[in-house]
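Data first, discussion second: the structure below is written as structure tokens.
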2 protein chains.
Amino acid sequence: MLENSELQRRYETLDTPFLFVDKRIFHRNLERLRNKIDELGAELRPHFKTVKSLHAAPYLLPDKSSPITVSTVKEAEALAGAGYTNIIYAVGISAAKLPRVHHLLSKGIAVRVLLDTIEQAKILNQYSHDNNCTISALIEIDCDGHRGGIKPDSAKLVDIAQLLHHGAAHFQGVLTHAGESYLCFDQTFLRTAAENEVKAALNAANHLRCAKIPCEIVSIGSTPTAHSYQDLNGITEVRAGVYGFFDLVMAGIGVCNINDIAASVVTTVIGHNKEKGWLFIDAGWMALSSDRGTANQPKDCGYGLLTDSAGNMLYNQQVISVNQEHGIVGSVDGSPIDFDAFPIGCRLHVLPNHACATASMHSYYHVFDTADNSYEVWTRILGW
Amino acid sequence: MLENSELQRRYETLDTPFLFVDKRIFHRNLERLRNKIDELGAELRPHFKTVKSLHAAPYLLPDKSSPITVSTVKEAEALAGAGYTNIIYAVGISAAKLPRVHHLLSKGIAVRVLLDTIEQAKILNQYSHDNNCTISALIEIDCDGHRGGIKPDSAKLVDIAQLLHHGAAHFQGVLTHAGESYLCFDQTFLRTAAENEVKAALNAANHLRCAKIPCEIVSIGSTPTAHSYQDLNGITEVRAGVYGFFDLVMAGIGVCNINDIAASVVTTVIGHNKEKGWLFIDAGWMALSSDRGTANQPKDCGYGLLTDSAGNMLYNQQVISVNQEHGIVGSVDGSPIDFDAFPIGCRLHVLPNHACATASMHSYYHVFDTADNSYEVWTRILGW
């Protein structure tokens with residue numbers, strides 16, 4: 001995998017388990033989506049929640065004023081501290097988080113918050129009024145019944161927007177996320193989900209404009225739909241998170257191939273159970289997460305598929321079980337495991353079901369670039 | 001829940017989600033098991049993997065030479081740095097981790113490693129010989145077919161022990177873990193699992209002694225069996241990890257009650273979906289983990305049961321779904337949710353399915369002691 005001997009030495013020196021990032025693949029994945037969205041005339045607003053590392057931000061974003069999405073106020077604070085200025089905090093806002101948002105606003109950072117209730121709009125108006133500031137908000141639109149949000153044609157959409165528009169806070173636009181697209185398994189379904197997401201956002205924006213409420217931002221996105229849009233006319237921006245690392249869930253949906261997965265967990269074989277046909281590895285849920293996102297896909301990948309350290313897929317084995325610091329590798333097709341091929345001490349890579357979850361188990365990523373033979377450690381932003 | 005107004009103020013000041021520890025309950029749980037094992041004449045060797053905080057170590061251990069178990073070399077290094085000297089690293093050893101173990105040994109820390117193969121014994125002998133040190137090892141015994149280990153009556157047990165005993169490394173004893181006890185649901189099964197664990201360890205030790213190999217340590221344990229032993233004659237020590245925090249899996253097994261659970265995730269209601277009967281909370285898998293350990297128990301608790309911030313159980317709701325930073329609270333019995341009782345901004349506590357997994361999602365724990373009205377922040381040891 002690592003033809004350069006200095007890179008290979010570094011790789012071997014690291015204690016397992018650790019999160020390995022192939023920077024060349026990561027970069028290729030980022031370019032792929034950015035080019036697609038550029039061509040369709042919208043802006044990409046990457047979701048920081050997957051990589052959550054300031055070291056990765058320059059790869060995600062062309063410059064410090066480029067749009068980015070975050071899932072925690074902590075991410076917004078870290079990005080702001082590093083000079084990034086254009087942020088959407090895409091989790092429903094509550095009153096208790098407003099002082100930290102306000103603090104960022106007061107430093108000149110454009111942080112927008114998300115809401116979908118009258119109560120939240122009242123809270124923002126009250127806070128803005130009481131603190132002599134202007135909290136900017138987007139309204140979450142429900143495009144597919146997946147989680148939260150307001151239906152595009154709902155009267156409540158106009159009510160909430162009007163409250164903000166005429167209140168001390170500021171209404172800036174609409175945002176939707178096709179969460180149901182994670183359940184798509186073919187291109188037809190994906191395109192339908194993508195078109196539906198676009199349509200819901202445009203309908204919501206039009207609904208508001210008919211009510212004379214300006215709708216500056218029309219934000220849509222999920223990694224599956226982002227790779228499937230045909231026409232983004234009227235859409236201002238697209239959000240996606242896992243598209244940089246990719247994972248087995250995305251491969252199962254069909255938006256990437258297995259060899260587009262840029263992040264894996266490097267692990268060591270620490271035991272054999274020849275009677276049961278098991279290899280033990282030193283990567284359990286503490287290193288992999290216990291995400292089972294492929295459980296409902298046509299190909300259930302257990303707790304992860306495997307490659308050897310040269311990158312060759314092990315087609316007959318997967319991680320079938322995890323404890324805190326143990327993983328069990330077993331056969332998936334009844335073929336016996338060749339224990340001599342996997343001696344104690346040898347290394348394997350586990351490809352993650354869900355890269356957001358697997359990356360979240362690591363405070364550091366070990367980033368290898370086979371294009372320029374460089375090695376970096378990226379630190380992850382922890383907490384909320 | 002917090003009668004003291006200063007404690008209550010601190011609680012309210014913290015941003016959600018955060019891990020809340022009720023120190024009074026934690027302490028009560030620790031005392032309960034320590035007293036039981038004391039009475040049965042064995043030593044308790046707490047497993048550090050659940051709390052993984054040096055701030056918690058003085059509560060787990062009577063003094064710096066008290067026995068402790070770890071799941072990572074990083075934990076051993078942190079404990080050694082704080083003066084703790086009696087450690088078992090209870091995950092199968094591989095060659096690459098020996099230099100760090102050796103480094104601890106050279107500082108006078110008694111760190112023992114675990115193995116269950118001839119290959120590993122040869123590696124330890126070779127390393128000890130080449131580095132002029134003595135790596136001490138325990139052999140893992142398979143008491144219930146759960147994961148790894150050697151059967152107590154296996155000839156291989158003597159072969160491995162003899163290799164160590166006559167080699168440059170040191171054989172120090174046997175260790176077993178009744179992993180299958182997590183599948184027990186009544187006292188009869190638990191007692192049987194506990195007796196079986198004791199018997200397997202004693203058989204293995206006797207088997208070795210018959211072969212003239214001294215067996216100084218006879219170590220057994222799992223939280224379910226540890227609370228169920230009747231007789232520990234011949235057993236030198238008992239290991240348990242989750243018994244300090246406890247969780248819904250342990251309550252389901254019957255070794256604790258719901259009100260013995262000392263750790264919970266404090267979360268805020270951030271949205272309502274009245275059509276679907278959902279509350280949205282700001283605790284997703286990032287705060288709760290995606291552990292579904294109760295899925296195969298008689299009572300499936302989803303992603304966690306709930307209390308209000310006064311500690312009253314919500315009997316009709318649980319966390320039914322999680323995304324990265326969102327949890328969905330739904331009805332479990334079809335009864336409608338009283339949305340007025342859970343306004344946006346109100347706080348709930350999520351009781352964890354699996355405290356080891358939930359605690360692992362937090363770098364800090366917020367520890368409230370209602371006995372002396374103190375508040376502490378405990379930091380968690382991260383990484384490997």
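The values are calculated or read from the model by the stated rules, or taken from the named source; none is laboratory data. The model shown is predicted, which means the values in this text are computed figures rather than measured ones. Note that we place each Cβ from the backbone using ideal geometry, even for glycine, and neighbour counts take in every protein chain shown.
Annotations
- Looking at A:9, A:34, A:112, A:100, just one residue is over 16 Å from residue A:222 (Cα atoms) and not assigned by TED's automatic domain parsing to the domain that holds residue A:238, and that residue is A:9.
- Scanning the range B:328-348 for residues that are more than 10 Å from chain A (Cβ to nearest Cβ) and either among the small types (Gly, Ala, Ser) or under 17 Å from residue B:251 (Cα atoms) (or both) yields B:330, B:331, B:334, B:335, B:341.
- The range A:162-184 - residue that is within 14 Å of another protein chain (Cβ to nearest Cβ) and crowded, with 19+ Cβ neighbours inside 10 Å and, of those, farthest from residue A:234 (Cα to Cα): A:182
- Residue A:128 falls short on exactly one of the conditions (1) touching a Gly at 6+ places or on another chain (Cβ under 9 Å); (2) at pLDDT 95 or above; (3) within 14 Å of chain B (Cβ to nearest Cβ), and that condition is (3).
- Flag if residue B:308 is without any contact (Cβ under 8 Å) to a residue 40 or more places away in the chain and charged (D, E, K, R): no
- Entry remark, the range B:292-329: residues being in a loop (DSSP other than H, G, I, E, B), over 16 Å from residue B:264 (Cα atoms) and aliphatic (A, V, I, L, M) number 1 in total.
- Against the test of being more than 14 Å from chain B (Cβ to nearest Cβ) and among the acidic types (Asp, Glu), the options A:77, A:119, A:43, A:12 yield a single qualifying residue, A:43.
- Some residue of the range B:293-304 being within 9 Å of another protein chain (Cβ to nearest Cβ), of a type outside the set (Gly, Ala, Ser) and in contact with a strand residue (DSSP E or B) (Cβ under 6 Å, 6 or more places away or on another chain): no
- Enumeration of residues in the range A:342-384 that are within 17 Å of the chain's Cα centre (by Cα), of a type in the set (Val, Ile, Thr) and outside any strand (DSSP E or B): A:358, A:381
- Of the criteria (1) more than 9 Å from chain A (Cβ to nearest Cβ); (2) over 13 Å from residue B:307 (Cβ atoms), which one residue B:270 fails: (1)
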